[in-house]
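Colleague: Got a structure here, written out as structure tokens. Questions coming.
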Amino acid sequence: MQKILILGGTTEASHLARHLADCGTNAIFSYAGRTNAPRSQPLPTRVGGFGGVAGLVAYIHAEKITHIVDATHPFAAQMSQNALLAVAQTRTPLISFERAPWAAKTGDNWQHVADYPGVLKALGETAQRVFLAIGKQNIDLFATAPQHHYLLRLVDPPESIIPLPSHTVEIAAGPFDLAGDLALLKRHHIDVIVTKNAGGIGARAKLDAARDLGLRVIVMDRPPLMGRQIMQSQQDVLAWLHQDAAQSF
Ligand code: NAP
């Protein structure tokens, strides 16, 4: 009998969980535990790291996991890498469910960078009003560029002092829409947006708002991860799960 482990943290993971629950599929949902109140799931849910590759291997054995769907965020590279290494040991079938990256449209003013040093270089020396749309991790890296004012949009209020001399925090959880993001960018007189190329629709509005306002966007490209089998639609993931299961989804 199948027992599926969903590595979550994305809208796509939640949609898949809903579908599997509706079908009565035997599955477990896993959160890293980064947010205070993660969206509740219609599946049995575990929260927190597994303890590296060895911990995940032990978990797969203990829970008799037969299939893993890595539906983590495209920038959650450590978890994805750990999953690859763990299933190499346990021989558990693994699929990466990853939404397509965003692509620039006519009128977009995007500058692609590979990493955080690239972002800092692209921001430059002249003071800017920056919408730093990267979540709460790695914000401290921007302390080396204190000339800029940073707008941070966070899911939870910060638990520690943000080491940026000039910043504003907005507490909000997606999905976001164009009208709201246009208003946000205008209200804070933003010059430039920094974003990861997350893909999907929930965080796309800021890019459309940037195009409407003629703003520059610094886009961090996804970290390269070798050896993954990637599927971009839920339909394909379900077909993959179907291959080994007699049950109907
Ligand atoms: P990461 O750097 O790839 O993972 C760091 C560690 O967190 C992993 O080694 C693992 O700990 C634990 N972990 C990550 N995802 C997990 C999951 N779904 N279930 C159980 N443990 C998990 O990940 P991250 O970038 O910190 O992201 C953490 C979570 O937030 C992910 O689930 C991701 O989907 C979500 N998220 C990330 C971003 C982003 O920009 N990175 C944005 C939105 C949502 P152990 O080694 O102890 O197993």
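The values are calculated or read from the model by the stated rules, or taken from the named source; none is laboratory data. Only a predicted model underlies this, so the values are computations on that prediction, with no experimental measurement involved. Note that we place each Cβ from the backbone using ideal geometry, even for glycine, and neighbour counts take in every protein chain shown.
Colleague: Can you pull out the residues in segment 52-90 that are within 16 Å of the chain's Cα centre (by Cα), outside any loop (DSSP other than H, G, I, E, B) and within 8 Å of the ligand (Cβ to nearest atom)?
Modeller: Across segment 52-90, the qualifying residues are Ala77, Gln78, Met79, Ser80, Gln81.
Colleague: Let me ask something else. Check Asn138 against each of (1) within 16 Å of the ligand (Cβ to nearest atom); (2) buried (at least 20 other Cβ atoms within 10 Å of the Cβ); (3) not hydrophobic (A, V, I, L, M, F, W, C) and name the one condition it does not meet.
Modeller: For Asn138, the exception is condition (2).
Colleague: Of a type in the set (S, T, N, Q), within 11 Å of the ligand (Cβ to nearest atom) and part of a loop (DSSP other than H, G, I, E, B) - does that describe any residue in segment 36-51?
Modeller: Kept after step one, since they are of a type in the set (S, T, N, Q), are these residues of segment 36-51: 36, 40-41, 45.
So of that shortlist, the ones also within 11 Å of the ligand (Cβ to nearest atom) come out as 45.
Add one more test, that the residue is part of a loop (DSSP other than H, G, I, E, B), and what stays is none.
No, segment 36-51 has no match at all.
Colleague: Then there is this: Could you pull out every one of the strands (runs of 3 or more DSSP E) wholly within segment 159-249 that has 2 or more residues that are modelled with pLDDT under 95 and farther than 28 Å from Leu20 by Cα?
Modeller: Those strands (runs of 3 or more DSSP E) do not exist here; none qualify.
Colleague: Next up: I'd like to verify a number: residues in segment 1-47 that are among the small types (Gly, Ala, Ser) and over 16 Å from the mean Cα position of the chain (by Cα), how many?
Modeller: The first filter runs over segment 1-47 and keeps only residues among the small types (Gly, Ala, Ser), leaving 8-9, 13-14, 17, 21, 24, 27, 30, 32-33, 37, 40.
Next, only the ones that are over 16 Å from the mean Cα position of the chain (by Cα) stay: 17, 21, 24, 27, 37, 40.
Within segment 1-47, residues that are among the small types (Gly, Ala, Ser) and over 16 Å from the mean Cα position of the chain (by Cα) number 6.
Colleague: Still on this structure, I have one more. May I ask you to verify whether Ala100 is aliphatic (A, V, I, L, M) and surrounded by fewer than 17 Cβ atoms within 10 Å (Cβ to Cβ)?
Modeller: Taking the combined requirement at face value, the residue satisfies it.
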